[in-house]
Amino acid sequence: MPHHYRCPVCATRSRPYWTRAGAEEHGRAHRRRYHGGDHPFGERIVHAPYRRPRRAEVIAALIALVFLAVSLGRLLV
Ligand SMILES: [Zn+2]
């Protein structure tokens, strides 16, 4: 479940992190760099809802797997 650090003072949201600890570390770095280590009012860690992959993403992954399988098959023969 992806996590984001959000700072309402800067109106910014971090890139997604798979762990809450990753988003919290991003928040610590953000506070040090932009707020002198202080906690901006309203900052928080938010969960991004799980998004089902789109059909095109599934098709692209399957094509990549087929190419990988064919490549490995040629290496083994
Ligand atoms: Zn900020």
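Once the convex hull of all Cα atoms in the chain is built, its volume per residue stands at 130 Å³.
Cβ neighbours within 10 Å, averaged per peptide: list 40-48, 59-67 in order, most packed at the top.
40-48, 59-67
Only the coordinates and a few stated rules stand behind these numbers; no lab work does. For clarity, every value in this text was computed on a predicted model and none was experimentally measured. Cβ sites come from the backbone with ideal geometry, for glycine too, and all protein chains shown count toward neighbours.
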